[in-house]
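Comments concern the structure below.
The values are calculated or read from the model by the stated rules, or taken from the named source; none is laboratory data. It should be emphasised that the depicted structure is a prediction, and the values quoted were computed from it without experimental measurement. Positions of Cβ are generated from backbone atoms using ideal geometry, with glycine treated the same way; all protein chains shown enter the neighbour counts. Ligands, DNA and RNA are excluded from the accessible area calculation, which covers all protein heavy atoms including side chains. Shrake-Rupley method; radii C 1.70, N 1.55, O 1.52, S 1.80 Å.
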Amino acid sequence: QYNFYSNGSLLFTTDNTILNEESVHYAMLQRKSSEDVLIVSGGVSGMIDEVLKYPLVKSIDYLELNPQLVGMASKYKQLPIDSRFKYIPSDGRRFIQTTDKIYDVAIFAIPEPSSLQINRFYTDEFLQILKRKLSKDAVITYGLPPAGNYISPIKAHIEASIYQTLKKNFRNVEIIPGEKDYLLASDSAINVDIAAIAAGSG
């Protein structure tokens, strides 16, 4: 297992199966017919392999906050070789703003707001841009460090701020606790009973 940091913040960890499954399946199971998926950061961790398990997926676009990390991480874990997968060495926000592609699921495996580089992906302005690149029933997800049994005032303020910003842009927002606190947002329904969806009864 390898941990990758940038500016003191943990970006992603390789070979953490539970974390990869939660990061991907909590969102992907909401819309099993999803075809186009966007991953921002953390793709080297193994999340791409989890998305590729969905046979209806036609494309996976992977952006990294710091493209140099991909080259560094490839020494320890190679990116999947699959015709559906594309690594895009471009600034994530700039790419999302300029692309003509429409996504069904957008997974943000980024740290909680802690720097100007990361904060850009949590703003109301960014979510308005992102929403124009999403399909009608699209789902987006952010994974934040888990609160555990105690939520400090700072942690509460951060999560409340992100929640309210998501709520301003999407009809439905849900938080699912796990290895991280996962915030899922969509204009369509979100089912938090992940086990039931996975079993086919949700």
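Numbers at a glance
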{"item": "Protein-only accessible surface order, largest first, of 126, 95 at 1.4 Å", "result": "95, 126"}
{"item": "Carbon and sulfur %, accessible surface of the chain computed with the full protein complex present, 1.4 Å", "result": "51 percent"}
{"item": "Two-decimal ratio, the range 20-106, of alpha-carbon radius of gyration to 2.2 N^0.38 Å", "result": "1.03"}
{"item": "Surface accessible to a 1.4 Å probe, residue 187 within the full protein complex, Å²", "result": "40 Å²"}
{"item": "Given [x] 1.00; [y] 0.95; [z] 1.16, the label whose value is Cα Rg over 2.2 N^0.38 Å derived from this model", "result": "[y]"}
{"item": "By accessible area with a 1.4 Å probe, ligands and nucleic acids excluded, highest first: order of 28, 72", "result": "72, 28"}
{"item": "Sequence of 186, 115 from largest to smallest accessible area, 1.4 Å probe", "result": "115, 186"}
{"item": "In range of the label at residue 17: residues from the range 137-180 whose backbone nitrogen is under 20 Å from the point 7 Å along Cα→Cβ", "result": "178-180"}
{"item": "Listed residues 159, 125, 21, most fluctuating in the chain (Gaussian network, C-alpha, under 10 Å)", "result": "125"}
{"item": "Neighbourhood charge, 12 Å Cβ-Cβ cut-off, centred on residue 32 and excluding it, Lys, Arg +1 and Asp, Glu -1", "result": "-1"}
{"item": "Percent breakdown of C-alpha pair distances by 5 Å bin, ordered from the shortest bin, for the range 80-191", "result": "2, 11, 20, 25, 19, 14, 7, 2, 1, 0"}
{"item": "Distance from the range 92-162 to the range 1-58 (C-alpha centre basis), Å", "result": "15 Å"}
{"item": "DSSP beta bridge pairing in the range 1-124, given as percent antiparallel to the nearest 5", "result": "25 percent"}
{"item": "Residue 190 accessible area, assembled protein chains, probe 1.4 Å, Å²", "result": "30 Å²"}
{"item": "Solvent accessible area, Å² - residue 122, 1.4 Å probe, full protein context", "result": "20 Å²"}
{"item": "Dipole in debye (nearest 20) - the range 1-159, about Cα centre, beta carbon charges: Lys, Arg +1; Asp, Glu -1", "result": "280 debye"}
{"item": "Probe 1.4 Å, protein heavy atoms only - accessible area per residue of the chain in square angstrom", "result": "48 Å²"}
{"item": "222 nm mean residue ellipticity, helices alone, for the chain (DSSP H n ≥ 4; -39,500 (n - 2.57); rounded to 500)", "result": "-8500 deg cm²/dmol"}
